[in-house]
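Notes follow the structure.
The values are calculated or read from the model by the stated rules, or taken from the named source; none is laboratory data. Keep in mind that this is a model prediction, so the values were computed, not measured. Here the Cβ positions follow ideal geometry from the backbone for every residue, glycine too, while neighbour counts run over all protein chains shown.
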Amino acid sequence: MVKIGSSLLVDGAGAVRREWLASVVGDIAARRAAGQEIIVVSSGAIALGARRLKLERGGRASLEDAQAAAAVGQVALSAVWEALLAGAGMTMAQVLLTLGDLEDRRRYLNVSATIDRLLALGAVPVLNENDTVATTEIRFGDNDRLAARAAQAAGARGVVLLSDVDGLYTANPARDPDARLVTVVEAVTPAIEAMADAGSGSGLGTGGMAAKLAAAKIAGAAGIHLAIADGRVMAPLTRFAETGRGTVFVAGEGAGRRKAWLAGRLTVVGTLTVDAGAEAALRRGKSLLAAGVVGVVGNFARGDVVAVAGPDGVIARGLAGYDAGDAGLICGLRNEAQAAVLGYAPRAAMVHCDHLVML
């Protein structure tokens with residue numbers, strides 16, 4: 001999975017950096033010839049559309065401007081990708097995604113199946129957020145996290161975020177001359193997160209280093225390595241392979257695909273708050289029992305994704321075994337007392353360990 005940001009693909013005048021993009025296509029062709037399958041996440045639709053519509057602030061002055069710019073720009077973006085890939089003997093496939101396509105389990109599986117079939121047919125899937133219909137409440141907000149979530153769906157082994165910086169630094173190198181490049185990150189700890197800068201220096205994109213760390217956590221939950229590499233050079237994938245300069249976030253074994261989907265979700269519909277004893281049991285791999293739940297927030301149904309919060313904050317995510325009403329009735333009760341309150345035999349757990357992932 002390769003993600004390309006707007007600041008790399010589109011110049012300051014709002015035009016495609018076609019020569020640079022052609023060098024990326026050359027990289028893709030070389031990797032495919034070596035036996036790798038490549039999926040692209042390409043930003044740039046809003047920036048390209050804003051130029052054609054003569055919109056201020058790169059089309060990001062308002063949600064309506066961004067949606068209009070995306071509607072125009074996505075056509076232009078796809079045309080450039082299709083022409084360059086075809087010129088290198090490859091077939092481009094466009095896949096536009098919204099947050100709901102990867103948050104809803106059924107739709108997530110549909111996306112997975114579609115990408116798998118496109119790859120089997122030899123196409124190069126080019127993904128982007130469907131900014132024309134996405135709203136503030138139902139959007140990824142940046143393509144770094146979209147790339148990590150789509151990589152989960154595709155069963156990718158690695159994600160490369162091509163950026164206008166060459167990796168994670170100990171501080172913002174534009175402000176601190178003593179900042180040092182961090183080449184390998186074994187875990188995204190609070191100390192690592194403190195190094196991130198949420199700003200987007202170009203003004204064309206969204207997110208920043210904070211979004212890239214969020215993407216690394218999503219990818220890592222699925223056992224997918226993620227790298228940040230300098231995209232400002234020609235043939236950036238070849239350069240990264242030759243020099244290794246950048247930041248690599250090393251993933252562990254990762255959860256199973258269902259649990260990885262849970263861990264990578266960006267939205268939940270409720271929260272179950274638990275006591276310290278229940279938190280300790282969860283960390284030992286146990287299910288969440290109603291007796292350990294001290295609070296229920298949200299309007300969720302059985303099977304919906306909820307957060308589990310301990311005394312110090314959110315610790316897990318899982319599928320609710322009860323709807324919010326029944327969960328509220330039995331929280332704090334031991335198993336033998338629940339039937340009288342519910343009017344039916346209680347289930348084994350509030351959240352079963354098979355449907356729960358620690359964060």
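Brief remarks follow.
- Filtering segment 51-66 to residues that are in a helix (DSSP H, G or I) and either under 21 Å from ARG17 (Cβ atoms) or in contact with a helix residue (DSSP H, G or I) (Cβ under 9 Å, 6 or more places away or on another chain) (or both) leaves ARG51, ARG52, LEU53, GLU56, ARG57, GLY58, GLY59, LEU63, ASP65, ALA66.
- On inspection, ALA88 qualifies as of a type in the set (Gly, Ala, Ser), in contact with a helix residue (DSSP H, G or I) (Cβ under 7 Å, 6 or more places away or on another chain), surrounded by fewer than 18 Cβ atoms within 10 Å (Cβ to Cβ) and within 14 Å of ILE38 (Cβ to Cβ).
- Evaluation of ALA79 against (1) of a type in the set (Gly, Ala, Ser); (2) within 17 Å of GLU19 (Cα to Cα); (3) surrounded by 15 or more Cβ atoms within 10 Å (Cβ to Cβ) (one fails), failing number: (3)
- Any hit, segment 325-332, residues being more than 16 Å from GLY270 (Cα to Cα), free of Cβ contacts under 8 Å to residues at least 24 places away in the same chain and not in a loop (DSSP other than H, G, I, E, B): no
- For segment 228-259, the candidate set comprises residues that are of a type in the set (Gly, Ala, Ser) and buried (at least 20 other Cβ atoms within 10 Å of the Cβ); within that set, the residue that is farthest from VAL10 (Cα to Cα) is ALA251.
- Verdict on VAL25 being closer than 17 Å to LEU127 by Cα and either surrounded by fewer than 20 Cβ atoms within 10 Å (Cβ to Cβ) or outside the structural domain of LEU118 (by TED's automatic domain parsing) (or both): no
- Options ARG51, ARG60: the member that is within 15 Å of GLU129 (Cβ to Cβ), of a type in the set (Lys, Arg) and out of contact with any Cys (no Cβ under 9 Å at 6 or more places or on another chain): ARG60
- Restricting attention to segment 28-50 and to residues that are of a type outside the set (A, V, I, L, M) and not in a helix (DSSP H, G or I), the residue that is surrounded by the fewest Cβ atoms within 10 Å (Cβ to Cβ) turns out to be GLY35.
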